[in-house]
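One structure is given here, and the rest of the page talks about it.
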Amino acid sequence: QSLNDMSVTLKDEYGIEIRKQSLHERFNHYALAFLKDALEKLLHQQLEPESRLFGDLKGFNRILIKDSTCFQIDASLAQYYEGSGGAGSEASVRIQFEYDIVSGRIHDLSVTAFNQQDAKDSLSTIERIDQDDLIIRDLAYMGLQVLQTIQSRNAFYLCRPNPIVHILQRSQDGYEKVDFVEIARYMKTHHLNCFEKEVYLGSKEKFKTRLILYLMPEEEYAKRIRKAQKNNKKKSRKPLSKEYKARAALNLFITNANAEQISIDKVWDFYRLRWQIELIFKNWKSICNIEKVKKVKKHRLACYIYAKLVLIVLSWQILW
C-alpha cells in the first residue's frame, strides 16, 4: 500500500486522521524494535501440535530443517542489504528459516542481507543445536567445521558431501581417494540400488563419517550429464572427467547417525524432508507476497518484512 492509501484506511476504518508525511515518520527504529520484539515473543510462545508425524525416532530429540529464501529490493538500500553484486542485484534480503519437523516449532526466523551466506549463518547459530538433534540442511550450510561441531555437541547431521572436499578411505598405505568409477561399476554389475561405506572427509582433517550412495535412474543420469556438458561448453571448460561422470550416476549422502537410527534404505527419505521447506517458501511468495516490495526507506521496508513474518508465524500452525 502507498502511504496515502494507508492514511485513507486509517481514517475510514479506525477514525484516525494522520497525514502521509506523519505516517512516513512513524516508520522508524522504534516501530522496527516493536515488531522485532513481537516476532520474538510469538516464537517463544508457540504451541506444540499434539499430533506427531513420526513414531519412534530412535534417539533423535528434534529433526531440524533449515534453508533460506532471498528476494531483490531497490538498489538504494544496498548499504543495508548488500546483494550478490556483479550481474546480480545490488541489494537483496535473505530470510533464514529453520523448524523442527517433529514438533512443528519454528527454531529460527531471521532477516539478513543477501551476502550473509548460509555457511556464515550456520557457524553463527551453531550453539542453538542440542544433544540428540538431527540436522538436515543443504551442503551450503554444512562445512567440515560445522559437521565437526555438530558431532562434538552429541548431535547428528544428514547432508550431501561437498564436491570440493576430498573423500578418502582406509588403505594398506594409510588413506586413498574413494574410487567412484569403481563403486558405480560395482553397483551396476551387482544390481545394487544403494551402498554404504565408512569414509574420511578432508585430506588434512580426515573426519570419519558414514557415506551412503544411491544409484540414479539412467534417464536422471543422462539429464545430469547433458546439463553439465552444456554448462562446460558455455564456460569453455575441459570435457567431463570419468570421476565426474561416475559421481553424476550417484546420489551421495553423509551422516554420523548409525544404521539403527537411519537405515540405508531410509536415508534418502529422511533427506527429502528438507524439500518441504521449499514448498513453504513458495507459499510465502504466492500467498503472503513477501517478496513484492517497492522503493521505500529502510525502516519501512524492515517493518513490512517483520510484519509479514508475524503473520506467517500466526498462521504457521494452520499451515503445519
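The values are calculated or read from the model by the stated rules, or taken from the named source; none is laboratory data. All values reported here derive from a predicted model rather than from experimental measurement. Every residue, glycine as well, gets a Cβ built from its backbone with ideal geometry; the counts of neighbours run over all protein chains shown. Protein only, heavy atoms only, side chains kept; ligands, DNA and RNA dropped before computing areas. Shrake-Rupley method; radii C 1.70, N 1.55, O 1.52, S 1.80 Å.
One table, with the values for the structure above:
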{"read-out": "Descending semi-axes in whole angstrom, ellipsoid equivalent of region 81-237, from the Cα gyration tensor", "value": "31, 24, 17"}
{"read-out": "Mean Kyte hydropathy of 1.0 or more with a Cα span along the axis of at least 20 Å, helices from DSSP in the chain", "value": "298-319"}
{"read-out": "Eligible lysines near Lys66 by straight Cα distance, threshold 18 Å, same-chain separation 8 or greater", "value": "Lys120, Lys282, Lys285"}
{"read-out": "Relative contact order computed over region 103-239 (Cα-Cα under 8 Å; 6+ residues apart), in percent", "value": "15 percent"}
{"read-out": "Burial ranking of peptide ranges 294-300, 250-256 (average Cβ count within 10 Å, highest at the top)", "value": "250-256, 294-300"}
{"read-out": "Taking all pairs of distinct alpha-carbon atoms in the chain, Kirkwood radius in angstrom", "value": "22.6 Å"}
{"read-out": "Region 240-284-region 88-123 distance, computed between alpha-carbon centres (Å)", "value": "20 Å"}
{"read-out": "Proximal lysine pairs, region 200-259, alpha carbons under 24 Å, eight or more residues apart or interchain", "value": "18"}
{"read-out": "Relative contact order (%) - the chain, alpha-carbon pairs under 8 angstrom, separation at least six", "value": "18 percent"}
{"read-out": "Listed peptides 99-110, 271-282 by packing density, highest first (mean Cβ within 10 Å)", "value": "99-110, 271-282"}
{"read-out": "For region 208-320, alpha-carbon Rg relative to the globular expectation (2.2 N^0.38 Å, N residues)", "value": "1.59"}
{"read-out": "Of all accessible heavy-atom area on region 122-232, the percent that carbon and sulfur account for (1.4 Å)", "value": "48 percent"}
{"read-out": "Among beta bridges that DSSP assigns inside the chain, antiparallel share in %, nearest 5", "value": "85 percent"}
{"read-out": "Among 304-313, 195-204, 11-20, the order from most to least packed when residues are scored by Cβ within 10 Å on average", "value": "304-313, 195-204, 11-20"}
{"read-out": "Solvent-accessible area per residue for the chain (1.4 angstrom probe, square angstrom)", "value": "57 Å²"}
{"read-out": "Alpha carbon centroid spacing (whole Å) that separates region 1-43 from region 164-217", "value": "57 Å"}
{"read-out": "Environment charge of Ile183, counting only residues whose C-beta is closer than 12 Å and scoring Lys/Arg +1, Asp/Glu -1", "value": "+1"}
{"read-out": "List Cys303, Cys194, ordered by accessible area with a 1.4 Å probe, largest first", "value": "Cys194, Cys303"}
